[in-house]
Amino acid sequence: KLQMREKTMIKLDDAYDENNIFAKILRGEMPSITLYEDEKTLAFMDIMPQATGHCLVIPKEPAVTFLDLSEDSAAAVMATAKKVAAAVVRAMEAPSFMMAQLNGSAAGQTVPHYHMHILPRHDGLELEFHARAPEDMAVLNETAEKIRTQI
Ligand code: 5GP
């Protein structure tokens with residue numbers, strides 16, 4: 001339990017760490033459940049979802065926070081987020097959704113590669129804890145398939 005709560009310090013002036021988990025996913029060294037990919041971005045399922053359908057959009061450009069992101073990559077992330085969010089809303093039959101992204105550990109960022117969270121929201125359904133409990137792979141794959149068919 002203690003280990004789950006241990007946080008890596010991420011500061012706004014940190015150099016990019018090529019060994020962070022999302023860099024490994026981008027290099028294909030770590031598996032992920034892909035929803036969408038293009039030249040500049042990748043969208044995949046969050047393995048510790050705060051809601052069913054919680055996913056992430058990342059730029060391929062190495063950037064720790066929003067401040068490190070080029071305008072070109074920022075635009076590409078937003079374009080992909082728009083596609084994926086629309087698909088998540090349809091797939092999860094969500095009346096609402098949230099987009100969020102955290103910059104630096106004081107803001108709650110835990111992975112030092114820029115990412116946009118997309119979270120479907122339903123009335124009366126509270127979010128699960130942030131980055132706490134891994135979801136069953138079968139459930140993640142099933143949810144991903146529903147989202148992919150809507151992209
Ligand atoms: P942050 O706290 O940096 O805003 O969000 C990091 C997100 O990445 C969390 O929601 C967490 O559940 C997710 N995450 C952490 N490690 C992995 C991983 O190895 N694979 C995937 N797909 N998501 C991860």
Practice prompt. Go ahead and estimate [θ] at 222 nm for the chain from helices alone: -39,500 (n - 2.57) per DSSP H run with n ≥ 4, summed, over the residue count, rounded to 500.
Written response: -9000 deg cm²/dmol
Discussion item. Tell me which of P120, L56, L42 sits at the most positive position along the dipole axis of the chain, charges placed on C-beta atoms (Lys, Arg +1; Asp, Glu -1).
Written reply: P120
Worksheet item: Where does the range 1-143 land on Rg(C-alpha)/(2.2 N^0.38 Å)?
Response: 1.01
Fill in: Peptides 35-43, 101-109, 58-66 ordered by average Cβ neighbours within 10 Å, highest first
58-66, 35-43, 101-109
Worksheet item: What residues have an amide H closer than 5 Å to that of F97, excluding those fewer than 5 places away on the same chain, when H is modeled at 1.01 Å from N in the peptide plane?
Response: R121
Fill in: Order of H117, H122, H54 - criterion: other Cβ atoms within 10 Å of each residue's Cβ, fewest first
H122, H117, H54
Worksheet item: Going by how many other beta carbons lie within 10 Å of each one, how would you line up T110, T52, fewest first?
Response: T110, T52
Fill in: For Y36, residues with placed amide H under 5 Å, excluding near neighbours
A43
Worksheet item: Near the amide H of A63, under 5 Å away, which other amide H atoms are found, from residues 5 or more places off or on another chain, if H is placed in the peptide plane?
Response: Y114
Fill in: Protection proxy ranking of 135-144, 11-20 - average other beta-carbon atoms within 10 Å, highest first
135-144, 11-20
Practice prompt. Note down the net charge around P134, summing +1 for each Lys or Arg and -1 for each Asp or Glu among other residues with Cβ under 13 Å from its Cβ.
Written response: -3
Worksheet item: Cα gyration tensor of the range 92-148, axes a ≥ b ≥ c as square roots of the eigenvalues: rounded (a/c below 1.5), prolate (a/b > b/c) or oblate?
Response: prolate
Item to complete: Specify which residue in the list F66, L26, S96 is farthest towards the positive end of the charge dipole of the chain, using unit charges on the beta carbon of Lys, Arg (+1) and Asp, Glu (-1), about the Cα centre.
Response: S96
Worksheet entry | Cβ-defined net charge surrounding S73, 13 Å radius [Lys, Arg +1; Asp, Glu -1] | -4
Discussion item. Explain nothing, just the number: dipole magnitude of the chain about its Cα centre with +1 on each Lys and Arg Cβ and -1 on each Asp and Glu Cβ, in debye rounded to the nearest 20.
Written reply: 220 debye
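We did not get these values from a lab; they are worked out from the coordinates using the rules stated. In this text the structure is predicted, and so the values were computed from the model without any measurement. Note that we place each Cβ from the backbone using ideal geometry, even for glycine, and neighbour counts take in every protein chain shown.
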